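In what follows, a structure is listed as structure tokens, so that the remarks can point back to it.
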Amino acid sequence: MTEKAVLAGGCFWGMQDLIRKLPGVIATRVGYTGGDVPNATYRNHGTHAEAIEIVFDPETISYRRILEFFFQIHDPTTKNRQGNDIGVSYRSAIYYVDDEQKRIAEDAIADVDASGLWPGKAVTEVEAVGDFWEAEPEHQDYLEHYPNGYTCHYPRPNWVLPRRSAA
């Protein structure tokens, strides 16, 4: 039995390249979600965020662990920005599929804020998952095809999320 997670944290190329390597992640695809344009495309995605859809085995990796890694590889404290990418497409957001994911997401954000490890408070949006418009083939697995391609995502050694009780 698998579960699904949908996350937005800046340019989807770097997110996909790092998240796909986590043990327990079965499949990933990048696309557009959380916005206003049906059948979104790279050239026309309106207010959608660049996002990643993750299919994972919860017996191997927990949703919480995926979120911990998500917060380590992007800056959740910058509104509508990651690295050189600026705009609503690059916002930090978690799109939950059920109430349990919403609870875990809100808890993880509270842990980020309580930890004091990040440069400020998280601005990550938490919204119910909606339509996910798969990005064009040239955007899927981009950094596997172009290993020296642009990315602003990397694991920050100091951004390892403790739980509030342990902080």
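When Thr2, Thr28 are checked against the criterion of being farther than 23 Å from Thr77 by Cβ, buried (at least 20 other Cβ atoms within 10 Å of the Cβ), touching a residue at least 12 places away in the same chain (Cβ under 8 Å) and touching a strand residue (DSSP E or B) at 6+ places or on another chain (Cβ under 7 Å), Thr28 stands alone in meeting it.
A count restricted to the stretch 56-66 and to residues that are open to solvent by less than 50 Å² (accessible area, probe 1.4 Å) and either within 23 Å of His139 (Cβ to Cβ) or without any contact (Cβ under 8 Å) to a residue 24 or more places away in the chain (or both) stands at 2. Restricted to the stretch 67-167, the set of strands (runs of 3 or more DSSP E) holding at least 3 residues that are open to solvent by less than 20 Å² (accessible area, probe 1.4 Å) and not aromatic (Phe, Trp, Tyr) comprises 92-96. Taken over the stretch 5-25, residues that are open to solvent by less than 10 Å² (accessible area, probe 1.4 Å) and in a strand (DSSP E or B) amount to 5. Out of curiosity, is Glu53 of a type in the set (D, E, K, R) and open to solvent by less than 40 Å² (accessible area, probe 1.4 Å)? For Glu53, the condition - of a type in the set (D, E, K, R) and open to solvent by less than 40 Å² (accessible area, probe 1.4 Å) - is met.
The values are calculated or read from the model by the stated rules, or taken from the named source; none is laboratory data. Predicted model only: the values in this text are computed from it and were never measured. FYI the Cβ positions are ideal-geometry reconstructions off the backbone, even for glycines, and counts take in every protein chain you see. Keep in mind that these areas ignore ligands, DNA and RNA; they rest on the heavy atoms of the full protein, side chains included. Shrake-Rupley method; radii C 1.70, N 1.55, O 1.52, S 1.80 Å.
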